[in-house]
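Visitor: Pasting a structure here, questions to come.
The values are calculated or read from the model by the stated rules, or taken from the named source; none is laboratory data. Keep in mind that this is a model prediction, so the values were computed, not measured. Here the Cβ is made from the backbone with ideal geometry for all residues, glycine too, and neighbour counts use every protein chain on show. The protein model used for the area step is the full one, side chains on, heavy atoms only, and it has no ligands, DNA or RNA in it. Shrake-Rupley method; radii C 1.70, N 1.55, O 1.52, S 1.80 Å.
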Amino acid sequence: MALWMTATPDSYRSVCMKFDLGKATAIRAMRRVTYALHTLAPQIIQWPQGRKATEVMIAFERVSVFPRVIGAIDGTHVEIRSPRDDNHQAYINRKGYASIHVQAVCTQNLLFTNMFAGNAGSVHDARIFRISPVARYFENPEKYFCNDSHLVGDAAYGIHTNMMVPFKDNGHLSLRQKNFNFCHSSARMAIERVFGVWKARWRSILDCLPMITS
């Protein structure tokens, strides 16, 4: 029942009728399954290191010719019901909806290797990055960015030894710069694709997640 709830935009009322359960039972089941997935997540969503890191870099280079890419990074918004507190206005994004910002890193094979969620949706990608765990990884590149590897991100992120961003297209890019941007985009598109697959498989994310307890 919990998997049905997360995979569809159905309401508790329709799901309870489908599974012949009371709403209180359904809510308890949903919370138990969600907590179990939350507990298991760190065992599945792991930063690639050692042999796994090498495999990730090979996969990215095979597709994009962009060398030593250990992950593609970007952010997305997930709409929620506005929290019932004095700070609820902070969650209203530019479209007028309440949302949280989710930052993720993925591999070329569309596996999440890092996720950071919970900040108000009106916050810029660069600010979310600065307070995320990945920013702290930059302080220990020997552990998290072996073989001089790096992430690929869009222009919202700042360039760094371990973060490659595209050249700003001012209409006067050289052929080498255009080729760099093309290869960079080919690698970075993995994160756009993984967001698409994630939201298509768990369609409740496309609706409005009830992040309140009552």
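Visitor: Positive end of the dipole of the chain, charges at C-beta (+1 Lys, Arg; -1 Asp, Glu), about the Cα centre: which of 149, 3, 24 has its Cα farthest in that direction?
Guide: Value computed over the given set: 24.
Visitor: Could you sort the peptides 43-54, 145-156, 126-137 by per-residue average Cβ neighbour count (10 Å cutoff), highest mean leading?
Guide: Ranked from most to least packed, the peptides come out as 145-156, 126-137, 43-54.
Visitor: Counting Lys and Arg as +1 and Asp and Glu as -1, each charge on the Cβ, what is the dipole of the chain about the Cα centre in debye, to the nearest 20?
Guide: Values: 26 positive and 16 negative charges, 80 e Å.
With Lys and Arg at +1 and Asp and Glu at -1, about 380 debye.
Visitor: Further question on the same structure: Ignoring any ligand, DNA or RNA, what whole percent of the accessible area of the chain comes from carbon and sulfur when the probe is 1.4 angstrom?
Guide: Values: 7210 of 13040 Å².
C and S fraction of accessible area: 55 percent.
Visitor: What accessible area per residue, rounded to a whole number of Å², is obtained for the chain using a probe radius of 1.4 Å?
Guide: Numbers: 13040 Å² over 214 residues.
Counting only protein heavy atoms, the per-residue value for the chain is 61 Å².
Visitor: In Å, what Kirkwood hydrodynamic radius results for segment 1-76 from the alpha-carbon pair distances?
Guide: On the way: mean 1/r = 0.0637 Å⁻¹.
Kirkwood radius, segment 1-76: 15.7 Å.
Visitor: While we're here: Within the chain, what percent of beta bridges assigned by DSSP are antiparallel, to the nearest 5?
Guide: 75
Visitor: While we're looking at this one, here's another question. Which whole-angstrom value gives the distance between the alpha carbon centres of segment 119-139 and segment 2-56?
Guide: That distance is 25 Å.
Visitor: Assuming a strict under-30 Å limit between Cα atoms, what lysine pair count do you get for the chain once near-sequence pairs (fewer than 8 apart, same chain) are dropped? Could the numbers behind the result be given before it?
Guide: Numbers: 18/199; 23/199; 52/143; 52/199; 95/168; 95/199; 168/178; 168/199.
Lysine pair count for the chain: 8.
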